[in-house]
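Peer 1: Got a structure for you, questions after.
Derivation of every value follows stated rules applied to the coordinates shown; laboratory data play no part. All values reported here derive from a predicted model rather than from experimental measurement. Every residue, glycine as well, gets a Cβ built from its backbone with ideal geometry; the counts of neighbours run over all protein chains shown.
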Amino acid sequence: MKRFLFLLLLAGCSTPQPRGTGDLGLVVERASGRVLLIETTTRTALASIDGLGDLSHASIVFSRDARYAYVFGRDGGLTKVDLLRARVERRIVQAGNSIGGAISQDGRLVATANYAPGGIRIFDADSLALLSEVPTGSKVVGIADAPGNRFVFSLFESGEIWLVDASNPREPRTVKLKDIGKQPYDGFVTPDGRYYLAGLFGEDGLALVDLWHPERGARRVLAGYGRGEEPLPVYKMPHLRGWAAAGRYLFLPAVGRHEVLVLDRVTWSEAARIPVRGQPVFAVAQPGGRRVWVNFALPDNGAVQVIDVDSMQVIKELRPGRAVLHLEFTPRGEQAWISSRDDDAVAVYDTASFAELARLRAEKPSGIFLTSRAAMTGF
């Protein structure tokens with residue numbers, strides 16, 4: 001039952017108490033097509049919002065004012081959720097198979113990345129009206145927003161990176177960078193908005209694009225980092241949106257290896273390799289950049305390891321539950337929220353003492369998305 005007697009916009013309340021959205025977030029309940037509305041101040045669940053379709057690989061972005069969340073479902077669904085009313089505002093099914101999306105720098109546009117039929121579609125963020133589409137003939141992965149109301153993404157089959165300028169959303173302009181590497185599978189824009197990096201599944205290395213100078217094409221970095229080594233079977237693809245930016249370093253899950261790679265953001269060269277207990281899936285920097293938290297694929301997916309950035313070593317291992325799928329931090333880094341799918345739980349940890357502060361019931365939880373963290377991380 002929804003507990004929102006204190007909300008400003010709740011109909012029928014005679015003395016409404018206003019509130020902000022800065023400490024709210026959503027947890028994806030992937031098996032049931034729901035999202036759980038959470039509050040980080042009290043570490044509680046406020047409401048469950050259903051009717052969102054297939055959330056088996058869902059991602060979420062937030063509106064500029066953090067009032068609304070846009071949920072991208074695997075079934076091609078795009079759902080606009082009102083956080084203050086705890087309800088679905090609008091929902092469309094815009095493709096047969098979708099893998100994520102992004103919101104433009106000015107907050108007016110939402111773009112979806114599609115497997116089937118491929119390409120991206122650009123929508124009005126308010127009404128979800130379709131404004132334009134950019135066909136690609138290939139699966140789109142690693143979509144992100146870039147400065148200048150641009151969207152940048154990779155094409156898995158064709159090995160390309162495209163940069164779409166949506167300043168005129170009904171007539172977007174596209175720059176296509178070809179031969180960037182084999183099978184790009186995910187990507188992200190650095191926090192300063194300047195660089196886009198795509199991980200390569202078909203070869204060891206990453207593709208780097210300077211968004212100030214896309215005409216220079218893509219550059220390979222960490223090329224051949226596993227040269228001479230036999231890669232392990234990949235049980236779960238790393239998620240490079242979880243790349244950790246800590247100071248001058250990026251901490252990257254190594255594909256098919258029990259390592260976290262450290263990339264120097266000044267020289268774009270390898271700075272270190274950190275042995276970890278399994279194949280890393282997410283590497284997420286704790287705000288402040290002093291520590292990086294890592295979760296793993298099978299058979300080590302019940303563990304989370306904490307890396308100290310200063311020493312480049314693992315200093316702590318936690319056991320939040322079975323099948324840890326995602327982790328996120330509050331903006332100032334005092335709490336870590338960790339989802340455990342097979343325990344139907346979200347655990348909250350104190351990042352200073354590593355003590356468990358709370359455990360929330362959630363049905364098969366996966367992604368955790370906080371409004372304030374989305375605002376702070378920029379691009």
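Peer 1: Where does each of 272-280, 22-30 land if you order them by average Cβ count within 10 Å, highest first?
Peer 2: Ranking, from highest mean packing down: 22-30, 272-280.
Peer 1: Further, regarding this structure: So what's the stretch 24-107 giving for Rg/Rh, alpha carbon basis, Kirkwood Rh from the mean inverse pair distance?
Peer 2: Here Rg/Rh amounts to 0.95.
Peer 1: How big is the charge dipole of the chain about its Cα centre, in debye rounded to the nearest 20, if each Lys and Arg gets +1 on its Cβ and each Asp and Glu gets -1 on its Cβ?
Peer 2: Dipole of the chain, to the nearest 20 debye: 480 debye.
Peer 1: With only Lys, Arg, Asp and Glu charged, each at its Cβ (+1 for the first two, -1 for the last two), find how big the charge dipole of the stretch 59-179 is about the Cα centre; round to the nearest 20 debye.
Peer 2: Dipole size: approximately 240 debye.
Peer 1: Just want the answer: with Cβ charges of +1 for Lys and Arg and -1 for Asp and Glu, which residue in TRP162, ALA111, ALA47 is farthest toward the dipole's positive end in the chain?
Peer 2: Positive-end residue among those listed: ALA47.
Peer 1: Could you give me the radius of gyration and the Dmax of the stretch 239-379, taking only the C-alpha atoms into account and expressing both in angstrom?
Peer 2: Expressed in Å, the Cα Rg and Dmax of the stretch 239-379 come to 14.1, 45.
Peer 1: What is the sum of charges, Lys and Arg at +1 and Asp and Glu at -1, for the other residues whose Cβ falls under 13 Å from the Cβ of VAL71?
Peer 2: Once all neighbours under 13 Å are counted, the net charge is +1.
Peer 1: Taking a label point 7 Å from the Cα of SER127 along the Cα→Cβ vector, which residues of the stretch 46-79 have an amide N closer than 12 Å to it?
Peer 2: From the stretch 46-79, the list is empty.
Peer 1: Just need the Rg to Rh number for the chain, please, alpha carbons only, Kirkwood Rh.
Peer 2: 0.95
Peer 1: Right, next: How would you order 160-168, 354-362, 259-267, 98-106 from highest to lowest mean count of nearby Cβ atoms within 10 Å?
Peer 2: Descending packing order for the listed peptides: 98-106, 160-168, 259-267, 354-362.
Peer 1: Kindly write out, for the stretch 273-282 in residue order, the coupling ³J(HN,Hα) from the Karplus curve 6.51 cos²θ - 1.76 cosθ + 1.60 (θ = phi - 60°), rounded to whole Hz, with x marking Gly and Pro.
Peer 2: Coupling constants for the stretch 273-282: 10, 10, x, 10, 6, x, 7, x, 10, 10 Hz.
Peer 1: Answer with one residue from LEU128, GLY76, ALA95: the one whose Cα lies farthest towards the positive end of the charge dipole of the stretch 65-209, charges on Cβ with Lys, Arg +1 and Asp, Glu -1.
Peer 2: Of the options given, the answer is LEU128.
Peer 1: Also, quick follow-up: Sequence gap of 8 or more, or different chains, plus Cα separation below 19 Å: how many lysine pairs satisfy both in the chain?
Peer 2: Count of close lysine pairs: 7.
Peer 1: Normalised by the residues of the stretch 66-181, what does the relative contact order come to in percent, with Cα pairs under 8 Å and at least six apart?
Peer 2: Once divided by the residue count of the stretch 66-181, the mean separation gives 15 percent.
Peer 1: When the Cα centres of the stretch 136-209 and the stretch 291-307 are compared, how far apart do they sit, in Å?
Peer 2: What the calculation gives is 28 Å, centre to centre.
Peer 1: How much length would be gained if the chain were fully extended between LEU357 and ARG170, taking 0.36 nm per residue of separation minus their Cα-Cα distance, in nm to one decimal?
Peer 2: This chain segment gains 62.5 nm when fully extended.
Peer 1: Could you calculate, for the stretch 283-325, the ratio of the Cα radius of gyration to the Kirkwood radius, expressed as Rg to Rh?
Peer 2: 1.00
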